[in-house]
Amino acid sequence: MSEAEPTAEPPAEPFRVEVAVEFKHSRPLTCCHWEPLSRYVFFGAEDHLVHRYDLADGTVISLAHHDSWVRDFASSPDGATVYSAGFDGVVACWPIAGESPQPLRVIPAHDGWVRAVAASACGKFLATCGNDRLVKLWDAADGRLIREYSGHEHHVYNVIFLPDSSQLVSCDLKGFVRAWQVDSEHSKPLATVAQLHDYDTTFRADIGGARGIAVHPDGGLVGLGGITKVTNAFAGVGDVAVALVHTDSGEVVRVLESKEAVKGTIWGVAYHPGGYWVGVSAGGGGGWLHFWDGQNDHEFAKVKLKFDGRGMSLSPDLNRIAVAHADSHLRIHELTDQRPATPPAG
Amino acid sequence: MRRHQACGTADHAFHRRAFLRNSLAGGGAALGMGHLLCGVPAIAAPFQARQKRVLNVFLHGGVSQLETWDPKPNTDTGGPFRAIPTSVPGTHICELLPHTAKQMHHLSIIRSLDTKNSDHGRGVVEMTTGHKRIVGSNLPHLGAVTAKALLPDDFPLPGHILVRSSPGKRNVESEHHDAAYLGPRFTNMAIFDGKPPNSIARPEGLSEQADLRRNGLRQRFNDRFAGRRRTADSEAYGFSFDQARDLMERGEVFDLTRESAADQERYGTSEFGKHCLLARRLIEHGVPYVQVNHADYDTHHENFNFHIEQLGEFDQPFANLVADLADRGLLEDTLICVMSEFGRTPKINKTYGRDHWGKAWSVVMGGAGIQPGAVIGSTNDNGTEVVDRVVDHGDVFHTILQAVGVDTRDNFDVGGRSFPIADPAKGPISELLA
């Protein structure tokens, strides 16, 4: 039996997260998006505008077209175009740069809310999902509808492309996850994540769905963020959760939760190539950033935010996280990984 | 010689019927109530109205006025939904009610309620009794008052029927749904989950002949007992059985399968859809007061998602009900009201919820001579205050009753004591009354 090699003590705080930028808007924020060339962070708010925050000088311009709140953004991989998805059922396509961008085109995407928009890594496609229970595939170049996927029986809360742009994964209100082929009509039910849905028998209403979604770079896992163990839907009493679903087998590999059972909902998820999943939460437990290694149910680090977070976006250099806050602030957090270079086994 | 521990009036007889209604509904609330009956004399009948009805749709938990009748799109309080035009030129409501929007020419909106209350229990009591809640006092529910005013003497069905989901943990409403000093004749009979009242069908295995023999035996025992020791309790029990038989003979009133397949499809398979179809059936059978509850709207968290869900269930069946009553000529004599215990805060909280708000909210009414297509009162640009024609629960109570012909300035005479029908400090919204 060999003697165990001495290991360095892990730092008390695996991550140092500091607010580097704080921008106060006039309305609570709903979402944010860091564009690929790292010039701007776009955000939506409880107004009908697309807001572009300039990271170089801190100025914001606001772009009008939507007739409701903006719920989600995506960008073309080349950093030329940003897509805003609204509760008005519309996806607007904007040039990212320029002093006064005007919509390049407007896609009447869904009957009812567009809940999510995603861009493929290959740059050819857009995907959207909405309250009409549909997932749709669009030609990113001209906004033409390529394919309409039906199969969900409830509002579709989120959608994402796998990294090779060959498949889409979507999740609805009741935690039903489906996979869709980009090049054909073929689809399959992938998983039922029961942990991300509850029917509250007292209030007689469903609560659930993937409020945030992210995919592992190898395409093997998709992370679905939401709320679990709900005891009171109408007060939002439940615990934060991210379900990891295998994109081939549909197995729910793990449901990531908070060690101290933070009350709230995960509103944004990302996978960091440093080897961990990040989620932002809001609710009775306040706003938090959660860090999970994916091998354990509970996070290895958790950082309290100044206020509840309704969305997040990783910077392209992976060192910063933008958070859309319910207290009307866009905050950009600098992230310092203080973990040992090789994390201890287990 | 027959002794009259019970007063022997028609009212008294109906008190005993009320016992039965509650038994049938499985509530058993009237058990032991017989002792209450002796002291309730005949109540003077100050009402002229007959053949009118009230249909009250109660949206429990406090529906958001901003997501229904008073949208404020693109303001700091407006939320994500848009306003849509209705069948009344110039009047817009929330896009969550597209079917109801097409029926707004039958309805009117009161956008200026200030009830100064944000408590569920108090709100239910105040909206359904028309009075401020006073601890220790018990005032008759709108349904009881309506039934008292409109129930024909020989009407074979209960005059006050509540259609709702099975009671859950949040059962605040049922605590305050009684007739108070009007007597148990006018207490509600509750029907749960779209099903007929419990035990309305003869048990399987009991033949009609056996049932008749059993009832005959019961009647003989009853008569023998009454001949020696007649009491209010014994009369109540006896009459309960009589009305049970009446109701059992009219079980088809509660049987939705007698409606056409097309109508059942139009109203849908949701519980609320079935309840609306049942309400139509009850109104067609002349029940004076029908209340349909829909729950729940207490959306402190994710108000917008939950209003999509709940109003998505509400909209089409309710619109069908309004349209059908109009098409069948029943709306002329049927007052429709849509109310809650309060509205919801204009301010949106951090989890996209809205909280309790009694300061500026809305109620809808129509039919029975209510001016159609009107908008009464208004709120400011972002809905935080009433700026025109403030009204409250007392005014709404007067208006509903006056629309069905009740003189709300009159009093109930109960045992020589006078009780105002409605709060004398309030009055009807006169511009709504034709």
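Bear in mind that the values in this text are calculations on the coordinates, not laboratory data. Computed from a predicted model, the values in this text were never measured in an experiment. Using ideal geometry, Cβ is built from the backbone for each residue, glycine included, and neighbour counts are taken over all protein chains shown.
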Any idea what log10 I(q)/I(0) is at q = 0.07 Å⁻¹ for the protein assembly as shown, Debye with uniform C-alpha scatterers and no solvent?
-0.59
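Net charge near B:Gly343: determine it from the other residues with C-beta under 15 Å of the C-beta of B:Gly343, scoring Lys and Arg +1 and Asp and Glu -1. Let's see the in-between values first.
On the way: positive: B:Lys72, B:Arg111, B:Lys116, B:Arg122, B:Arg344, B:Lys347, B:Arg354, B:Lys359; negative: B:Glu67, B:Asp70, B:Asp114, B:Asp119, B:Glu126, B:Asp296, B:Asp298, B:Glu341, B:Asp355, B:Glu385, B:Asp392.
Result for the local shell: -3.
Is there a simple number for the mean count of other chain Cβ atoms within 10 Å of the Cβ of residues in A:196-205, and what is it? Each step should come with its number before you reach the end.
Details: counts 0, 0, 0, 0, 3, 4, 6, 13, 13, 11.
Going residue by residue through A:196-205 and averaging, the value is 5.
Just checking the output field for B:72-81: average partner chain Cβ neighbours within 10 Å of each residue's Cβ?
Values: counts 0, 3, 8, 2, 5, 1, 5, 4, 13, 5.
Whole-number average of other-chain Cβ neighbours for B:72-81 is 5.
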Cα gyration tensor shape of segment B:63-157, rounded if a/c is under 1.5, else prolate or oblate by comparing a/b with b/c
oblate
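Looking at segment A:255-346, which GluC sites (Glu not before Pro) are in a loop (DSSP not H, G, I, E or B) and have at most 16 other Cβ atoms within 10 Å? Could the numbers behind the result be given before it?
On the way: sites: A:Glu257, A:Glu260, A:Glu299, A:Glu334; in loops: A:Glu260, A:Glu299.
Of the GluC sites (Glu not before Pro), the ones in loops of segment A:255-346 whose Cβ has at most 16 other Cβ atoms within 10 Å are A:Glu260.
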Taking each residue of B:301-307 in turn, how many C-beta atoms of other protein chains fall within 10 Å of its C-beta, and what is the average?
6
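Once a ≥ b ≥ c are taken as the square roots of the eigenvalues of the Cα gyration tensor of segment A:15-337, is the result rounded (a/c under 1.5), prolate (a/b larger than b/c) or oblate (a/b not larger than b/c)?
Details: a/c = 1.37, a/b = 1.06, b/c = 1.29.
Note, shape of segment A:15-337 comes out rounded.
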As straight-line cross-link partners of B:Lys426, the qualifying lysines (C-alpha separation under 20 Å, not fewer than 8 residues apart within one chain) are B:Lys116, B:Lys132, B:Lys359
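Hey, got the dipole for segment A:15-337? About the Cα centre, +1 on K and R Cβ, -1 on D and E Cβ, debye to the nearest 20? Don't skip to the answer; put the middle values down first.
Working: 28 positive and 39 negative charges, 76 e Å.
Rounded to the nearest 20 debye, it is 360 debye.
When the helices in the protein assembly as shown are scored as -39500 (n - 2.57) per DSSP H run of 4 or longer and the sum is shared across all residues, what 222 nm value do you end up with, to the nearest 500 deg cm²/dmol?
Values: 11 runs with 139 residues, N = 780.
The per-residue figure over the protein assembly as shown is -5500 deg cm²/dmol.
Below 8 Å, C-alpha to C-alpha, sequence gap of six or more: please give me the relative contact order for chain A in percent.
Details: 1039 pairs, mean separation 51.3, N = 346.
Here the relative contact order equals 15 percent.
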Under 5 Å between amide H atoms, partner at least 5 residues away or on a different chain: which partners does A:Asn232 have, H built in plane at 1.01 Å?
A:Val237
Search the structure for amide H atoms under 5 Å from the amide H of A:Ala301, placed 1.01 Å from N in the peptide plane, and list their residues when 5 or more places away or on another chain.
A:Phe291
Hey, can you rank A:114-125, B:411-422, A:165-176, B:251-262 by average C-beta count inside 10 Å, highest first?
A:165-176, A:114-125, B:411-422, B:251-262
Residues whose placed amide H lies under 5 Å from that of B:Met189, excluding near-sequence neighbours:
B:His160, B:Ile161, B:Leu162
Mind computing the radius of gyration and Dmax over the alpha-carbon atoms of segment A:168-261? Å is fine for both.
13.8, 44
Any idea which of B:Ala244, A:His298, B:Ala262 is furthest toward the positive side of the dipole for the protein assembly as shown, if Lys and Arg beta-carbons carry +1 and Asp and Glu beta-carbons -1?
B:Ala244
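Going by C-beta contacts inside 10 Å, put A:His152, A:His186 in order with the fewest on the left. Mind dumping the intermediate values first?
On the way: A:His152 23, A:His186 11.
With the sparsest Cβ surroundings first, the list reads A:His186, A:His152.
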What shape does segment B:313-434 have by the C-alpha gyration tensor, where a ≥ b ≥ c are the square roots of the eigenvalues, rounded means a/c under 1.5, and otherwise prolate means a/b greater than b/c and oblate the rest?
oblate
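Taking only pairs that are 8 or more places apart or on different chains, how many Lys pairs in segment A:225-346 have Cα atoms under 17 angstrom apart?
Working: A:Lys229/A:Lys259; A:Lys229/A:Lys263; A:Lys259/A:Lys302; A:Lys259/A:Lys304; A:Lys263/A:Lys302; A:Lys263/A:Lys304; A:Lys263/A:Lys306.
Final tally of qualifying lysine pairs is 7.
If you keep only loop residues by DSSP, which GluC sites (Glu not before Pro) in segment A:83-179 have at most 11 other Cβ atoms within 10 Å of their Cβ?
Details: sites: A:Glu99, A:Glu148, A:Glu153; in loops: A:Glu99, A:Glu153.
Within segment A:83-179, the qualifying GluC sites (Glu not before Pro) (loop, at most 11 other Cβ atoms within 10 Å) are A:Glu99, A:Glu153.
Where the only charges are on Cβ atoms (+1 Lys, Arg; -1 Asp, Glu), what is the dipole of the protein assembly as shown about its Cα centre, to the nearest 20 debye?
Numbers: 77 positive and 95 negative charges, 636 e Å.
Result for the protein assembly as shown is approximately 3060 debye, rounded to the nearest 20.
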Kindly write out, for segment A:229-237 in residue order, the coupling ³J(HN,Hα) from the Karplus curve 6.51 cos²θ - 1.76 cosθ + 1.60 (θ = phi - 60°), rounded to whole Hz, with x marking Gly and Pro.
6, 6, 10, 8, 5, 7, 10, x, 8
Place +1 on the Cβ of every Lys and Arg and -1 on the Cβ of every Asp and Glu in segment A:15-337, take the dipole about the Cα centre, and give the residue among A:Pro316, A:Val41, A:Ala235 whose Cα lies farthest towards its positive end.
A:Ala235
Going residue by residue through segment A:108-122, the Karplus relation 6.51 cos²θ - 1.76 cosθ + 1.60 with θ = phi - 60° gives ³J(HN,Hα) values, rounded to whole Hz and with x marking Gly or Pro, of x, 8, 9, 7, x, 4, 8, 8, 7, 9, 9, 10, 7, 5, 6
Would you please put B:296-306, B:110-120 in order of how densely packed they are, using the mean number of other Cβ atoms within 10 angstrom per residue and starting with the highest?
B:296-306, B:110-120
Could you give each residue of segment A:272-289 its phi-based ³J(HN,Hα) in whole Hz, using Karplus coefficients 6.51, -1.76, 1.60 with θ = phi - 60°, and x for Gly or Pro?
9, x, x, x, 8, 9, 10, x, 10, 10, 9, x, x, x, x, x, 9, 9
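Arranged from highest to lowest average of other beta-carbon atoms within 10 Å per residue, in what order do the peptides B:361-369, A:44-52 appear?
On the way: B:361-369: 25.6, A:44-52: 23.4.
Highest mean packing first, the order is B:361-369, A:44-52.
Filter the trypsin sites (Lys or Arg not before Pro) in segment A:226-295 down to the DSSP loop ones having no more than 14 other Cβ atoms within 10 Å, then list what survives. Walk me through the numbers before you get to the answer.
Details: sites: A:Lys229, A:Arg254, A:Lys259, A:Lys263; in loops: A:Lys259.
Counting only loop positions with at most 14 other Cβ atoms within 10 Å, the trypsin sites (Lys or Arg not before Pro) in segment A:226-295 are A:Lys259.
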